[in-house]
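Peer 1: Submitted below is the structure of interest, expressed as structure tokens.
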Amino acid sequence: MLRAINLAHRRREGESQITKTSSVGFPPAATRDAKFLILGSLPGQRSLERQQYYAQPRNAFWTLMGSLFGFDAGACYVDRLQSLNARGVALWDVCASAHRPGSLDQRIELSTVRPNEFERFFEMHPDITLICFNGATAASLYQRLVLPRLSVRAAAIASRRLPSTSPAHATLTFAQKQEKWRSVLAPFLE
């Protein structure tokens with residue numbers, strides 16, 4: 001009897017592994033002449049629903065970018081993307097897909113992560129000289145799953161981990177995050 005219960009439990013676990021869905025990220029938002037790349041981990045639920053990078057209203061990303069690059073953070077999504085692209089900024093995520101219940105980065109199941117095709121991206125965007133990670137998870141996933149597979153040229157692109165703009169990371173004030181981002185992006189802000 002106990003063996004039958006264990007087998008039934010394993011069967012249910014296996015079924016849940018098969019039926020759980022993955023979050024699928026977006027294509028890169030980049031022009032051919034992009035100078036630097038901002039990488040997140042994987043779009044959250046609100047972003048997936050709206051099909052927009054950083055759509056969670058409490059995420060400080062667009063407010064921060066608007067303050068640094070001098071555009072209206074409240075403009076429509078297409079205009080905000082165009083404003084960033086016009087300044088040489090590319091947006092993307094480390095994960096092409098992964099299973100993550102909810103939106104918190106710590107809930108990303110590492111065994112389900114399929115990273116994006118970075119080698120091809122860097123070939124198509126040869127002017128990128130800096131990768132900025134929007135938080136620790138993006139940096140960790142990139143270092144673990146992407147960096148070891150890159151060509152020497154792509155692996156040599158400078159990178160910096162910056163404070164996450166997510167509302168889940170509230171250890172720094174907006175002004176502190178802004179200053180850290182500004183200090184790294186200073187060469188691109190002129």
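Peer 1: Rounding to the nearest 10 and keeping the result within 0 to 90°, find how far the Cα-based axis of helix 2-19 lies from the longest principal axis of the chain.
Peer 2: Helix 2-19 sits roughly 30 degrees off the main axis of the chain.
Peer 1: Can you give the % of DSSP beta bridges in the chain that are antiparallel, to the nearest 5?
Peer 2: Values: 5 of 19 bridges.
In the chain, DSSP labels about 25 percent of beta bridges as antiparallel.
Peer 1: Sticking with this structure for a sec: Helix 77-86 versus the longest principal axis of the chain: what angle, 0 to 90°, nearest 10, using Cα atoms?
Peer 2: 60
Peer 1: Further question: Quick one: angle between helix 174-189 and the longest Cα principal axis of the chain, in degrees between 0 and 90, rounded to 10, please.
Peer 2: Relative to the chain, helix 174-189 is tipped by roughly 60 degrees.
Peer 1: Quick query: amide H of Ser159 versus all other amide H atoms, modeled in the peptide plane; which residues come in under 5 Å with a sequence gap of 5 or more or a different chain?
Peer 2: Result for Ser159 returns Ile131.
Peer 1: If you average the alpha carbon positions of region 118-190 and of region 26-99, how far apart do those two centres end up, in angstrom?
Peer 2: 13
Peer 1: Moving on. Evaluate the relative contact order of region 65-125 (contact order divided by residue number), counting alpha-carbon pairs under 8 angstrom at least 6 apart; express in whole percent.
Peer 2: Over region 65-125, the number comes to 22 percent.
Peer 1: Which sequence of Thr171, Thr137 reflects their accessible areas, 1.4 Å probe, from the largest down?
Peer 2: Accessible-area ranking of Thr171, Thr137, largest first: Thr171, Thr137.
Peer 1: Can you list residues whose amide H is under 5 Å from Ala90's amide H, if they're 5+ apart or on another chain and H is modeled 1.01 Å from N?
Peer 2: Result for Ala90 returns Lys35, Phe36, Leu37, Ile38.
Peer 1: Go through (i) 17.7; (ii) 19.3; (iii) 16.8 and flag the label whose value is the computed Kirkwood radius over Cα pairs in Å for this structure.
Peer 2: (i)
Peer 1: Over the chain, what is the relative contact order in whole percent, taking alpha-carbon pairs under 8 Å and six or more residues apart? Don't jump to the answer; show the numbers that get you there.
Peer 2: Values: 271 pairs, mean separation 49.9, N = 190.
Result for the chain is 26 percent.
The values are calculated or read from the model by the stated rules, or taken from the named source; none is laboratory data. Computed from a predicted structure; not experimentally measured. Protein only, heavy atoms only, side chains kept; ligands, DNA and RNA dropped before computing areas. Shrake-Rupley method; radii C 1.70, N 1.55, O 1.52, S 1.80 Å.
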